[in-house]
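Below: one structure, written as structure tokens.
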Amino acid sequence: MALLLEQLDTLIDDMRQALVKDDWEALAVLDGNVRPLVESLMAEVQDGLVSSAVVEERLQALLVVCQQAQAGAENARDQARSALEGMRRTSSAARTYQDVSRGRSG
């Protein structure tokens, strides 16, 4: 019982740290560990080995971290989209200038 709860606590802490660092790759890896761990914990709840209230508290903390990660990922995606749009405009302006320059020298 205590081992799985410790593992979940560690996972939540690791996710928080990855979120603070905007380490989306680490978050993706950690996310892959959530389901098997939660399933194991739920089996222990069903077997009466761990309190459902304790697990519910941990799952609530996990949910908060996941919601923060989702919001952060959406923000990072929007920033990347804006940066790409800016690069496209710059590239287009450079091509236009190059075309105009070629027309003048040609």
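The values are calculated or read from the model by the stated rules, or taken from the named source; none is laboratory data. Since this is a predicted model, take the numbers as computed values, not measurements. All Cβ positions, glycine included, derive from the backbone under ideal geometry; neighbour counts span all protein chains shown. Note: areas computed on protein heavy atoms with side chains; ligands, DNA, RNA excluded. Shrake-Rupley method; radii C 1.70, N 1.55, O 1.52, S 1.80 Å.
Looking at Leu63, Leu11, Leu3, Leu84, just one residue is open to solvent by less than 60 Å² (accessible area, probe 1.4 Å) and in a helix (DSSP H, G or I), and that residue is Leu11.
Just wondering, is there one or more residues in region 66-77 that are at pLDDT 95 or above and hydrophobic (A, V, I, L, M, F, W, C)? So far as region 66-77 goes, no, none of its residues is at pLDDT 95 or above and hydrophobic (A, V, I, L, M, F, W, C). Checking each residue in region 66-81 for being farther than 18 Å from Arg16 by Cα and open to solvent by 60 Å² or more (accessible area, probe 1.4 Å) picks out Arg77, Asp78, Gln79, Arg81.
Screening region 14-23 for residues that are part of a helix (DSSP H, G or I) and either exposed (fewer than 15 other Cβ atoms within 10 Å of the Cβ) or of a type in the set (S, T, N, Q) (or both) and picking the one that is modelled with the highest pLDDT gives Gln17. Selection of first residues in region 21-47 that are touching a residue at least 24 places away in the same chain (Cβ under 8 Å) and of second residues that are open to solvent by less than 60 Å² (accessible area, probe 1.4 Å) and not in a helix (DSSP H, G or I), restricted to Cβ pairs under 9 Å at least 6 apart or on distinct chains, gives the following pairs, ordered by first then second residue: Leu41/Val50; Glu44/Val50. Applying the condition of being open to solvent by less than 100 Å² (accessible area, probe 1.4 Å) and not aliphatic (A, V, I, L, M) to region 87-104 and asking which residue is farthest from Ile12 (Cα to Cα) yields Gly103.
Residues are listed down the side, and each one gets a yes or a no for (1) of a type in the set (Gly, Ala, Ser); (2) farther than 23 Å from Glu6 by Cα; (3) not in a loop (DSSP other than H, G, I, E, B):
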residue: Leu30; (1), (2), (3): no, no, yes
residue: Asn75; (1), (2), (3): no, yes, yes
residue: Ala80; (1), (2), (3): yes, yes, yes
residue: Ala93; (1), (2), (3): yes, yes, yes
residue: Arg102; (1), (2), (3): no, yes, yes
